[in-house]
Amino acid sequence: MMDAKEIAAKIAENLDPNKDKERLGTLYTDGKVRKRREWRGLEDTMYDYVRWLGIMGMLGKFIVKPRNIKGFFRYRWMQNYLAVPMMIDRHTQGLRGSYLRIAHTEFDLVAQDVALLLENLFKGDRNVGNDEEFSKKVVLVDENEMTTFMMGFPNLKCLSRETPSVYVSVLLNQHAAEPYIDIAQEYGLPGDVCPMPEAEMGVSIADDFPVLGACAVQCNTTCDGSLLGNGVISKRLELEDGVPCFQLAAPLRHREDDVQEYAAQEIRNTIAFIEKHTGHKWDWDNYFECAKRVNESTRHRLDWLEMNKTDYPQVFGSNLALYTETNYMAICGKLPAFVEADRKITKYAEQAYKNRAMAVKEYRHRAIVWGVQSHFYFDFLIWLQNCWGIIPLTDMLSMVSTRVLSEDDKEQAIYDMAWLQENMIMRNRTHGGYKVLLDELWDFCEEFNADTVILWEHMACKALVGMHGQFEEKAREKGIHLIWVKHDLFDPRIVSRQGIRDQINNYMRTVFMEEPLDPTLEVLPDDQSW
Amino acid sequence: MKKKALKVLKTTGLVAGGFFGVTFTVYYFNLDMKMTAAMQPLLNYVYDRVERDQHL
């Protein structure tokens, strides 16, 4: 038995002497989950506990519905949703005060939105709810697609099957896509294809997608791998399930004026296709309502980015990345709850900025995170700040369009929708020439006063790998520290989370010759973790 | 009347305290995630037995 003195000494040993912060690495186990949740001080622990109760309530409400239970036991990927509370824990690691509140405002809302998406999918799904009337109001959309063309259909449901089965599943459990990647390869797909479309294709081959919808709109927004996956998925949808598919092909050279008319015509064709297959008419009033919300969200995002250019950034790292992706691409102004969340986040951020709040005790390096991030390790950004004091001021996927949409001109609105489609997250940088991918990175480094670039190198992404040498050459010329981080997007069997961390650890120790802020985070036994 | 109100208050306090005690223990010691982690292998047994039309 330890006496009180020994217990006090043990606690003190595990606390960061400067900020009452636990040594976060001590909470890890070599299993799926952590030993216990973090102690954040009384006020923040109570806040986190109350938000956890809210999440548990939301999950409980979801699973008591018989239709959802049926869906839970029908689809293999549903098991990943057991890890929802842990995903939120991972993205709030080490956070206190306003940073913790911003994270919960975002992540809890995204979790609710995904729960609603699942409910709707199961309602119309022929394998589960089989509500035919509801299914007739569903337009299936690609997960890599801006949903702008649904902003004028208030009575239709815009649902993505890939989002909950693959995209969110990997955020919840790093190993979630592995069974589907393996199935796709068993059927002859080579192993060097991007694991994202590969896994989506695997879900389709494994008959693990809900089947519903009046029609579907696919897109070419990401890459050739995505086109390949979509081909297999649409074949099953159209020829076996009887769901007609439209291919929305946005131009690749999206900064060129001469492609805009073609892009606009694609939007007109998409709207006409949806009208034909659902019988619903485009509603301009609803579109402009959504456009106003998109504009407000853009203004908030710009405010956050402006703050991140100062010495006291407030909405950055994980708090910027995942929320921007969801709000910009999947929501597109369709849900007022996201604008309300934007306002709340701005309020927290402005207050924290006024108080010169900092997320960790020391900001050693100001970094821009570029390239396509590893999905199975999305909380890597928070690890950067907790372990090494590297502040991810912004990331490539958050540097999306800031163009103000017309709020009353119908002709311009078609061009706005086309512009957003062309400027889907990631695609607006990985396509469109070296200016958007390479040149603008150095402009951002200057604007944000960044000394470091963390450059994700997704080894199966041909869009970025081809420019490796040009990044190195320019970084050297500009005197910017360029840290390459190789990964395979959805597949931690190729490069593990520790493999990712090691690339940073090596650079920090050998080039910067620094010691970590929290040494317990440098090497973690999380290979089996969710 | 006063006695009754006091009894109601006491019962409410006990229930609220009990709820807090149990849920906070689950929260802090991560018992919710430990339980679901233990459930996962059993679920795979169910998923392996679902009839599917697997093909390209």
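Read-outs: derived from the displayed coordinates by stated rules, not from any lab. These numbers come from a predicted model, not from an experiment. Reconstructed Cβ throughout: ideal geometry from the backbone, glycine too, with neighbour counts over all protein chains shown.
Quick notes on this structure:
- Contact order for region A:55-211, expressed relative to its length and based on alpha carbon pairs under 8 Å spaced 6+ residues apart, stands at 24 percent.
- Computed on chain A, the Cα convex hull volume stands at 148 Å³ per residue.
- For A:Q314, net neighbour charge (Lys/Arg +1, Asp/Glu -1) across residues whose Cβ lies under 12 Å away: +1
- Taking every DSSP bridge with both residues inside the protein assembly as shown, close to 5 percent are antiparallel.
- Over chain B: Kirkwood hydrodynamic radius from C-alpha pairwise inverse distances, Å: 15.4
- Taking amide H as placed 1.01 Å from N in the peptide plane, the amide H of A:V485 sits under 5 Å from that of A:L455, A:W456, A:E457, each at least 5 places away or on another chain.
- Summed side-chain charge close to A:E275 - residues other than A:E275 whose Cβ falls under 12 Å, Lys, Arg +1, Asp, Glu -1: +2
- Sequence-separation-based contact order of chain A, relative, with Cα cut under 8 Å and 6+ spacing, percent: 18
- Proportion of all alpha-carbon pairs of region A:333-480 beyond 25 Å (%): 42
- Counted charge near A:R253, where neighbours are those whose Cβ lies closer than 13 Å (Asp, Glu -1; Lys, Arg +1): -1
- Cβ neighbours within 10 Å from other chains - mean over A:83-91: 2
- Euclidean distance between Cα centres, region A:303-363 to region A:62-123, Å: 21
- Over chain A: helical MRE at 222 nm, DSSP H runs n ≥ 4 each giving -39500 (n - 2.57), nearest 500: -14500 deg cm²/dmol
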